[in-house]
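**Q** So that we are looking at the same thing, I have put the structure below in structure tokens.
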Amino acid sequence: MDAHEPDDHGHDVDPVVEADDGPSAHDAHADDQVTTAAASSKQPVWSDSGDAPFEDVEPTPVYAPNKKGKKTRSGGGNETVEIIKTVFFALLIAFVLRVLLFQPFTIPSASMEPNLYEGDYIVVSKWSYGYSKHAIPFSPPLFEGRIFAQEPERGDIVVFKLPRDDKTDYVKRLIGLPGDRVQMINNVLHINGQPVRDVVLSEQDATNMYGMNVIKARETLPEGRTFTVQDFGPGYDADDTQVFEVPEGHYFMMGDNRDNSVDSRFDEMNGVGLVPAENLIGKAEIILFSWSPGASLWNPVSWFSKVRPSRFFTVLN
């Protein structure tokens, strides 16, 4: 056989080399047998080459013969449960935020012009005055009065429940605190016998829907807080009133559009009357968005044609 010719089993064999000295081939073969026997008596060694003797190891459930893996059922039922849980927790978070932190409102009328316009979308802070039953949707009678109560400040724009039905949401400016005496004399607001200083800003640069001139003035409350009001001039129903004495636990509210606002100058049956502290919902903080009257959710064109971007993110005073 040639030096590198494969044997009958297809394996390469080393060339035969004759040697004058050293162990004979028979002795070498005997040594190989001893070595092989000694090696076979040792425990097989695991390696990373895939030659691990699985037949000598207790099979694990993964490799166990004649056993089928468990089949998993379709995840349709679990997905439905997860969706329900996600919706539930989303609603729960929204409910907590609405009750404890913020609540949105849309302005439905012109009674608070020139500071709030019909179509303004405002955000009210719920923690400003503490919490009453009216902080919760549908005003459930869970408790009386207010918890974590804080006194509002004169001049705040306040959202509250209308006293005569405890259901309708109103927004006005807080003018009279408990113990105050409030009166309108010849179209001038008086608090505790003193006229509130006002400065006319303009008289004929704006008109109302009936074409009447609108007077805008800057009022300064006793504590120094200032804001802009508007009216149609003297001679209207609420320009001269009686003295309203604000009792403990109540507040006197007025609209900034003085001649176009039904507020605490009118009794509870015909207007707002005095507002109990329990009816306060929160303080109006910011105009988030604004659309002119006529915008409709079902008319996408109006979303753009009626939008008032100049009023977006306006902080309220």
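Only the coordinates and a few stated rules stand behind these numbers; no lab work does. The model shown is predicted, which means the values in this text are computed figures rather than measured ones. Glycine also receives a Cβ, built like all others from the backbone with ideal geometry; neighbour counts cover every protein chain displayed.
**Q** Are there any chymotrypsin sites (Phe, Trp or Tyr not before Pro) in the stretch 111-154 that are in a DSSP loop and have at most 12 other Cβ atoms within 10 Å? List them by number. Before the final figure, lay out the partial values.
**A** On the way: sites: Tyr117, Tyr121, Trp127, Tyr129, Tyr131, Phe138, Phe143, Phe148; in loops: Tyr117, Trp127, Tyr129, Phe138, Phe143, Phe148.
Answer in residue order: Phe138, Phe143, Phe148.
**Q** Between Thr106 and Val199, 0.36 nm times their residue separation minus their Cα-Cα distance comes to what? Intermediate results must be reported in sequence, preceding the final value.
**A** Working: separation 93, 0.36 × 93 = 33.48 nm, distance 2.98 nm.
Extending this stretch completely gives an extra 30.5 nm.
**Q** Right, another one. Taking the stretch 94-185, which GluC sites (Glu not before Pro) meet the DSSP loop condition and have no more than 11 other C-beta atoms within 10 Å?
**A** Working: sites: Glu118, Glu144, Glu153; in loops: Glu118, Glu144, Glu153.
Filter output for the stretch 94-185: Glu144.
**Q** When only Cα pairs under 8 Å and 6 or more residues apart are kept, what is the percent relative contact order across the stretch 103-315? The partial results should precede the final answer.
**A** On the way: 491 pairs, mean separation 54.9, N = 213.
Reported as a whole number, the value is 26 percent.
**Q** Further, regarding this structure: Output the pairs from Lys283/Lys306; Lys167/Lys216; Lys161/Lys216; Lys133/Lys216; Lys85/Lys167 with a Cα-Cα distance over 30 Å in this structure; if there are none, say none. Let's see the in-between values first.
**A** Details: Lys283/Lys306 27 Å; Lys167/Lys216 32 Å; Lys161/Lys216 28 Å; Lys133/Lys216 37 Å; Lys85/Lys167 32 Å.
Too far apart for the 30 Å limit: Lys167/Lys216; Lys133/Lys216; Lys85/Lys167.
**Q** Counting only Cα, what are the radius of gyration and maximum Cα-Cα distance Dmax of the stretch 103-315, in Å?
**A** Gyration radius and largest Cα-Cα distance of the stretch 103-315: 17.4, 52 Å.
**Q** Just report the Cα centroid separation between the stretch 236-313 and the stretch 158-205, whole Å.
**A** 11
**Q** Further question on the same structure: Counting alpha carbon pairs within less than 8 Å and at least 6 residues apart, what relative contact order, in whole percent, applies to the stretch 176-281? Intermediate results must be reported in sequence, preceding the final value.
**A** Values: 208 pairs, mean separation 27.1, N = 106.
Relative contact order of the stretch 176-281: 26 percent.
**Q** Can you list which of the trypsin sites (Lys or Arg not before Pro) found in the stretch 162-206 are DSSP loop residues with at most 15 other C-beta atoms within 10 Å?
**A** On the way: sites: Arg164, Lys167, Lys172, Arg173, Arg181, Arg197; in loops: Arg164, Lys167.
Here the sparse-neighbourhood loop sites are Arg164, Lys167.
**Q** What FRET efficiency comes out for Arg225 versus Met269 if R0 is 25 angstrom and r is the Cβ-Cβ distance? Round to the nearest 0.05.
**A** Numbers: r = 31 Å, r/R0 = 1.24.
Step by step, r from the Cβ atoms, then E = 0.20.
**Q** I've got another one for you. For Thr86 and Glu118 in the same chain, what is the full-extension length gain: residue separation times 0.36 nm, less their Cα-Cα distance, in nm? Let's see the in-between values first.
**A** Working: separation 32, 0.36 × 32 = 11.52 nm, distance 3.58 nm.
Answer, rounded to one decimal: 7.9 nm.
**Q** Taking 0.36 nm per intervening residue step and subtracting the Cα-Cα distance, what contour gain separates Gln150 from Asn192 on full extension? If you can, show how the numbers build up before the last one.
**A** Values: separation 42, 0.36 × 42 = 15.12 nm, distance 2.29 nm.
Full-extension gain reported as 12.8 nm.
**Q** Would you mind computing, in nm to one decimal, how far apart the modelled labels at Glu285 and Leu297 are, each placed 7 Å from Cα along Cα→Cβ?
**A** 2.4
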